[in-house]
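Trainee: Could you have a look at this structure, given as structure tokens, before my questions?
The values are calculated or read from the model by the stated rules, or taken from the named source; none is laboratory data. Keep in mind that what you see is a predicted model, and the values were worked out from it rather than measured. Cβ placement follows ideal geometry from the backbone for every residue including glycine, while neighbour counts extend to all protein chains displayed. Protein only, heavy atoms only, side chains kept; ligands, DNA and RNA dropped before computing areas. Shrake-Rupley method; radii C 1.70, N 1.55, O 1.52, S 1.80 Å.
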Amino acid sequence: MAEKTDSIMTSYTEKLTMGICKILESSPGVTDVMFEEKRPAERHMIVNWEQKNGCTLPDDLKNFYLMTDGFQMSWNVKLNDAPIQVGSIVINSISSLSRQGGSHTYSLPNAPSLADLDQDTDEDQPHFDSRNAIFELDPCNGNGKVCLVYKISKPGEVMRDPDIWFLDRALYWHFITHTFIAYYRLLLCHLGLPQWHYVFTSYGLSPQAKQWMNMYKPITFNTASLSEEVDSYVNKLDPNKIFKSKNKTPLTKKKLPPPPAGTQKVNPASAKHPSHTGITTRK
């Protein structure tokens, strides 16, 4: 019975992680691939969260929480016989899906909030004021935050279909995906490598993150810079010149007039290399 339960849990883990555990275990230098199994969230917890925050979770995220209340996975690399953590994949549980922005309960009365620091006037960007409801989905190991961003059109209206954005440490927003399932696939595809979210920013990865990316995910990383240099791949040749007819008019050779009678023909070889035979010099 215990063996049957273990096989069921192994199959469940492989489906949930899409088999990346085996990929990491077979990668060179990778050790200690750890996946924390979590119980599914109860349905009343999801209903309570939606009523408390006035938002409706998208169906893909709701189904995810009904399968596992959050996600946590990490893996190490052995350097100089000492393991260091490199990969970290985290999705907050339903109870940790907390709202961002506004003033904290224990902050000082005159302390500035994130809404006070929000000076961006672009309506397409998320805001910490009443225009958006923002919830932390992934803490990104201190390198930023991945958030669910709801748009508020009318006060008291239940919001649906949030987008997923990345907030860097300088409080700039970067769009990632429209759906949670698309973000989840990106999360597993990048294997939780350090700072992989910065691939979606204009300033890109740090040198150290590039090294890890080249080592464990070179294909994904190398194709990321194609969109920045689109002009260099545009064919700027003139098609009229390429497909121009190659039928050229033949060149007519002009015949030289015959030399006058009594002149001696000069050998071209002897003209280029005159012989010194028979030439005397006077002293």
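Trainee: Give region 132-176 a look and list any residue that's open to solvent by 80 Å² or more (accessible area, probe 1.4 Å) and of a type in the set (Lys, Arg), or say none.
Mentor: 151, 154, 160, 169
Trainee: Could you grab me the full set of residues in region 103-131 that are open to solvent by 80 Å² or more (accessible area, probe 1.4 Å), under 28 Å from the mean Cα position of the chain (by Cα) and at pLDDT below 70?
Mentor: Result: 117, 119, 121.
Trainee: Being out of contact with any Leu (no Cβ under 9 Å at 6 or more places or on another chain), touching a residue at least 24 places away in the same chain (Cβ under 8 Å) and part of a loop (DSSP other than H, G, I, E, B) is the filter here, so list the residues in region 71-104 that pass it.
Mentor: 93, 98
Trainee: Which residues, taken from region 43-64, are touching a Ser or Thr at 6+ places or on another chain (Cβ under 9 Å) and either assigned to a helix (DSSP H, G or I) or modelled with pLDDT of 95 or more (or both)? Give the steps one after another, and end with the answer.
Mentor: Initial filter on region 43-64 (touching a Ser or Thr at 6+ places or on another chain (Cβ under 9 Å)): 45, 49-50, 58, 60-62.
Result: 45, 49, 50, 60, 61, 62.
Trainee: Then there is this: Is at least one residue of region 212-231 assigned to a loop (DSSP other than H, G, I, E, B), surrounded by fewer than 16 Cβ atoms within 10 Å (Cβ to Cβ) and at pLDDT below 50?
Mentor: The answer is yes, given that some residue of region 212-231 is assigned to a loop (DSSP other than H, G, I, E, B), surrounded by fewer than 16 Cβ atoms within 10 Å (Cβ to Cβ) and at pLDDT below 50.
Trainee: With the requirement that a residue be part of a helix (DSSP H, G or I) and touching a Phe, Trp or Tyr at 6+ places or on another chain (Cβ under 8 Å), what does region 184-197 give you?
Mentor: Within region 184-197, the subset part of a helix (DSSP H, G or I) is 184-189, 196-197.
Residues satisfying the conditions are 184, 197.
Trainee: While we're on this one: Listed residues 181, 164; which is modelled with pLDDT of 90 or more and either in a loop (DSSP other than H, G, I, E, B) or touching a strand residue (DSSP E or B) at 6+ places or on another chain (Cβ under 7 Å) (or both)? I'd like the intermediate steps shown before the answer.
Mentor: On the way: 181 fails: either in a loop (DSSP other than H, G, I, E, B) or touching a strand residue (DSSP E or B) at 6+ places or on another chain (Cβ under 7 Å) (or both).
Of the residues listed, the single one that is modelled with pLDDT of 90 or more and either in a loop (DSSP other than H, G, I, E, B) or touching a strand residue (DSSP E or B) at 6+ places or on another chain (Cβ under 7 Å) (or both) is 164.
Trainee: While we're on this one: Would you point out the residue of region 3-42, among those that are among the aliphatic types (A, V, I, L, M) and open to solvent by 70 Å² or more (accessible area, probe 1.4 Å), that is modelled with the highest pLDDT? Walk me through how you get there before you give the answer.
Mentor: Of all residues in region 3-42, those among the aliphatic types (A, V, I, L, M) come to 8-9, 16, 18, 20, 23-24, 30, 33-34, 41.
After this cut, where a residue has to be open to solvent by 70 Å² or more (accessible area, probe 1.4 Å) as well, the list is 8, 18, 23, 34.
Working: 8: 48, 18: 78, 23: 84, 34: 89.
Only one residue fits best here, namely 34.
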